[in-house]
Amino acid sequence: MSKLLEIKNLTFGYTKENPLFQNLSFSVKKGEVVAIVGESGAGKSTLFELILQNLKPLRGEVVATSSISEVFQDPYSSFHPSYTIINQIADVVPLDDLEKVLQSVALQKELLFKLPHQLSGGQLQRASILRALLMKPKLLLLDEPTSALDNVTQLHIMQTLMQHLESMGMVLITHDMNLASWCADRTITIAKE
């Protein structure tokens, strides 16, 4: 099975003297969930920036599919404040499967016609997950995707995401070791140096 992401001997730091991680290697195939855990400041979100090629490694290699979507921890930073949710989704993806995916993320359609500040954090995060799923990525990057949600909705959303594994692989950043052990095929711990 072909790899959607391969990280080989990755070393990165904002200064050469103080690397966030050294010689990090892992891969993700279709159907897999890899969880990245570690304390704040260990470089978990920076790893996503490297996967998206927004940052360049000091050493090593990141080879990723070009079909990537991301769900950020803070849903308010994911949407422009002065445009409706539906317009922002329609700007980046066709709305063919909207009804089906809306139902799976437990979001009412009428909420999509509102501005981001008119939704709760949990509703906005579900809208962010909706947009990511409608993009039909091969690789989905999830940065604490359920941190803005209550426990019942967290479980429902993660179950929904897992249903899409036949068509994609996922990398999940989480502080929740229970969540990581429940859904991940492998867990990689990034420790502060």
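Under the rule a/c < 1.5 gives rounded, and otherwise a/b versus b/c splits prolate from oblate, where does region 65-170 land using the Cα gyration tensor?
Rounded.
Test of understanding: ordering Met170, Met158, Met177 by Cβ neighbours within 10 Å, fewest first, what list do you get? Let's see the in-between values first.
Details: Met170 25, Met158 20, Met177 12.
Ordered from fewest to most neighbouring Cβ atoms within 10 Å, Met170, Met158, Met177 come out as Met177, Met158, Met170.
For the chain, what does -39500 (n - 2.57) per DSSP helix run (n ≥ 4), summed and divided by total residues, give at 222 nm, in deg cm²/dmol to the nearest 500?
Here the helix-only value at 222 nm equals -8000 deg cm²/dmol.
Over the chain, what number does the Rg to Rh ratio reach, with both radii from the alpha-carbon atoms and Rh per Kirkwood?
With Rg and the Kirkwood Rh in hand, the quotient comes to 0.97.
To the nearest 10 degrees, how steep is helix 121-134 against the longest Cα principal axis of the chain, on a 0 to 90 scale?
Once rounded, one gets 80 degrees.
With the contact rule set at Cα under 8 Å and sequence spacing of 6 or more, what percent relative contact order holds for region 3-189?
32
Suppose the chain between Lys114 and His175 were pulled fully straight at 0.36 nm per residue; how much longer would it get relative to their current alpha carbon spacing?
So the extension gain works out to 18.9 nm.
How much length is gained on full extension from Met135 to Gln53, taking 0.36 nm per residue of separation minus their Cα-Cα distance?
Working it through step by step, the gained length comes to 27.6 nm.
Ranked highest first by average number of other Cβ atoms within 10 Å, how do 122-129, 134-141 line up?
The packing order, highest mean first, is 122-129, 134-141.
So how far apart, in nm, are the two label points at Phe26 and Tyr14 if each is 7 Å from Cα heading toward Cβ?
2.3
Looking at the P(r) of region 10-110, how many percent of alpha-carbon pairs lie beyond 18 Å? Write out the running numbers ahead of the final one.
On the way: 3136 of 5050 pairs.
Value for region 10-110 (Cα pairs over 18 Å): 62 percent.
For Leu10, list long-range residues whose amide hydrogen, built 1.01 Å from N in the peptide plane, is under 5 Å from its own amide hydrogen.
Residues meeting the criterion, in which the H sits 1.01 Å from N, are Asn23, Leu24, Ser25, Glu61.
Only the coordinates and a few stated rules stand behind these numbers; no lab work does. None of the values given here were measured: they were computed from a predicted structure. Here Cβ is always computed from backbone atoms with ideal geometry, including for glycine, and neighbour counts include all displayed protein chains.
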